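For reference, the structure is listed below as structure tokens.
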Amino acid sequence: MIAIPQPGMNVTPNGSMATISQGGLAVSVAQAKTPYDLDRRLTAFDVTLINQTDQDLEFIPKDVVLFDQVNRQFFALGPNAIYEAAVAGRDYVGHVGLGFGYHHFHRGYGFGYYAPVWIDPWPVYSSRPYQALIAKALPIRPIVIYPRSMVSGSVYFGIAGKGLQSVHLSISRFTSRPTPENPHPPELTYLFPFNVYQK
């Protein structure tokens, strides 16, 4: 995938990674390798969240959505859907789901699951594919990012990369936690368009 330059977006010379900064948080996105021969089931992105401030910054996600060339939307997969895709293995061609029903919200904001961050290489202790996938997943939930620090991980979507022509990855976050007094705080959206080049 090659990032399509947009106003306010920094793109690496080869187009493999794009970064958008707003509200003190920079978000970098690049296509991730899909391990375990799961490219028939999953599309993955490496996402890095960078706190550009000198204070703690809370990342409060609203949603993480992938749109294909006909604007079908796919929500980031949670652990159950990742598990289903991984244990299916090479020999089973089945329906993993398109993200619908695999995401759940926690107290009205973001996804309600926890996954520790893992940076390459893949965990050597993982005897099953899904363990490594979940270990590497970005924790899409409210998290505190310390000053001048970053959090990295992968985000998975239940759509095969083959057949895609272009995609838009949308990452939306609240600027503060929703409360009864302020149930709809301001939102910031990071939109990353990519062209897909099939091998």
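Out of all the residues in the stretch 149-167, is one or more in contact with a His (Cβ under 8 Å, 6 or more places away or on another chain), modelled with pLDDT of 50 or more and in a loop (DSSP other than H, G, I, E, B)? No; the residues of the stretch 149-167 include none that is in contact with a His (Cβ under 8 Å, 6 or more places away or on another chain), modelled with pLDDT of 50 or more and in a loop (DSSP other than H, G, I, E, B). Residues of the stretch 38-61 that are assigned to a loop (DSSP other than H, G, I, E, B) and touching a helix residue (DSSP H, G or I) at 6+ places or on another chain (Cβ under 9 Å): L38, R41, L42.
Here is a yes/no grid of residues against (1) under 30 Å from G23 (Cβ atoms); (2) among the hydrophobic types (A, V, I, L, M, F, W, C); (3) at pLDDT below 50:
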position: D56; (1), (2), (3): yes, no, no
position: D63; (1), (2), (3): yes, no, no
position: Q69; (1), (2), (3): yes, no, no
position: A76; (1), (2), (3): yes, yes, no
position: I82; (1), (2), (3): yes, yes, no
position: G89; (1), (2), (3): no, no, no
position: V93; (1), (2), (3): no, yes, yes
position: W118; (1), (2), (3): yes, yes, yes
position: P121; (1), (2), (3): no, no, yes
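Yes or no: the stretch 128-144 includes at least one residue that is part of a loop (DSSP other than H, G, I, E, B), in contact with a strand residue (DSSP E or B) (Cβ under 9 Å, 6 or more places away or on another chain), of a type in the set (D, E, K, R) and modelled with pLDDT of 50 or more. The answer is yes; a qualifying residue exists.
State all residues of the stretch 40-75 that are closer than 16 Å to L164 by Cβ and within 16 Å of the chain's Cα centre (by Cα); if no residue qualifies, say none. Those that are closer than 16 Å to L164 by Cβ and within 16 Å of the chain's Cα centre (by Cα): R41, L42, T43, A44, F45, V65, L66, F67, D68, Q73, F74.
Do the conditions hold for A26, that is, is it buried (at least 19 other Cβ atoms within 10 Å of the Cβ) and assigned to a strand (DSSP E or B)? Show your work before the answer.
Working: buried (at least 19 other Cβ atoms within 10 Å of the Cβ): no; assigned to a strand (DSSP E or B): yes.
No; evaluated as a whole, the condition is false for this residue.
Going through the stretch 168-186 one residue at a time, which ones are among the β-branched types (V, I, T) and within 13 Å of the chain's Cα centre (by Cα)?
Applying the first criterion (among the β-branched types (V, I, T)) to the stretch 168-186 yields 171, 175, 179.
If the condition is that a residue be among the β-branched types (V, I, T) and within 13 Å of the chain's Cα centre (by Cα), then I171 is the only one that fits.
In the set (1) among the aromatic types (F, W, Y); (2) modelled with pLDDT of 85 or more; (3) not in a strand (DSSP E or B), Y190 fails one condition alone, (3).
The values are calculated or read from the model by the stated rules, or taken from the named source; none is laboratory data. As the structure is a computational prediction, the values presented were derived from the model and not from experiment. Using ideal geometry, Cβ is built from the backbone for each residue, glycine included, and neighbour counts are taken over all protein chains shown.
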